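None of the figures in this text is laboratory data; all of them are computed from the coordinates on show. Model, not experiment: these values are computed from the prediction. In this analysis, Cβ positions are derived from the backbone assuming ideal geometry, glycine residues included, and neighbour counts consider all displayed protein chains.
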């Protein structure tokens, strides 16, 4: 596959976005696709362009209906449902800190949300001090980022938040977190709460005059990479979605994997991470071919916006093979919508 370097979506200059992406997960040259000898499919993937009643999807208008079907299945079986109504987000405190770096300044905010404002999220925002705003923003799910200064140097703000303030997500410990306490009737797992939290952070960012949320990116690594993909699928305000090493339940397939990869069975053991997901997904262990979707449908939900997955050649646990199968399986949707270059995957050394 070729990672295309230049194209635009509205006012969003993808040359800048891709430069930012390279900084997100270390600077490396673009890599070739996985060898063809590794790309034979184990099980055929379901077609994203076929409605549940078997009728083909041939137009962008028909895709809207198909998209709704796919999202409904993915939430009902895999992640659980998020709140149907978007709650108010209140800004409790915003504080510009005196500390600055060569390229960035710090802003710390406390926001509340939920039916009774019982969910508190602390947001750390780093904003460029050089150049003219408002600045495009990267919402990174989880604390910290390896190259925040590099982002600011290139004119990007970056917002981070602690996922534990929504749901702890500790291995083998199915704690009912603040988001699930606030919405006790919902069936969502940890990943859905984190993705929903990214959207609430974006709500806050829309109130900041020096932030341009029309040019927003959502990203995360490993477990938060899975959540970033879900955030991009459920919130169309995110213009670029960058899951890094997201693996099983993220940007790689359930049906297609190689030895050493995390599988649905491993991911959803009760002593591991079943509570990240909707518990119904566990019944498809060993019957993955019976799922009405696979993760290429997640990529397709992002179309016509841009999805850019990032994986290492040697990261077999994250199922790089399945990620490329997913990339290929979603391409027909991007082509239907006239944006074939907006479906991107990068494989790097390591």
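Once Rh for the range 69-214 is found with the Kirkwood sum over Cα pairs, what is the Stokes-Einstein diffusion coefficient at 4 °C and 1.567 mPa s, in µm²/s? Taking Rh from Cα pairs, D becomes 80 µm²/s. Based on DSSP H segments of at least four residues, each scored -39500 (n - 2.57), the chain has a per-residue ellipticity at 222 nm of -8000 deg cm²/dmol.
Applying D = kT/(6 pi eta Rh) to the range 206-272, where Rh is the Kirkwood radius over alpha-carbon pairs, T corresponds to 4 °C and eta to 1.567 mPa s, the Stokes-Einstein value obtained is 97 µm²/s.
What residue among 160, 86, 316 has the largest mean-square fluctuation in a Gaussian network model of the chain, using Cα springs under 10 Å? Judging by the Gaussian network model, the answer is 86. Taking other C-beta atoms within 10 angstrom as a stand-in for reagent exposure, 53, 43 fall in the order 53, 43, fewest first. Pair-distance distribution of the range 115-175: all C-alpha pairs, bin width 10 Å, starting at 0; shares per bin in whole percent are 21, 38, 26, 13, 2. Normalising the Debye intensity of the range 62-146 to I(0), with uniform scatterers on Cα atoms only, and taking log10 at q = 0.10 Å⁻¹ returns -0.45.
Ellipsoid semi-axes for the range 217-350, based on the Cα gyration tensor and the rule √(5λ), read 22, 16, 14 Å when sorted largest first. Working from Cα pairs under 8 Å separated by at least six residues, relative contact order for the range 52-139 is 19 percent.
If r is the Cβ-Cβ distance from residue 337 to residue 290 and R0 is 30 Å, what FRET efficiency results, to the nearest 0.05? Computed FRET efficiency for residue 337 and residue 290 comes out at 0.60.
Note on the range 177-295: Cα-Cα pairs beyond 19 Å make up 51% of the total pair count. The mean sequence distance of close C-alpha pairs (under 8 Å, at least 6 residues apart), as a share of the length of the chain, puts its relative contact order at 19 percent. Of 214, 199, 55, the residue with the greatest mean-square motion in the GNM of the chain, using alpha carbon springs below 10 Å, is 55.
In the range 180-276, Cα pairs under 8 Å separated by at least six residues give a relative contact order of 23 percent. Peptides 176-185, 295-304 ranked from most to least packed by the mean count of surrounding Cβ atoms within 10 Å: 295-304, 176-185. Here the range 8-348 has an Rg and Dmax of 19.2, 60 Å, counting Cα atoms alone.
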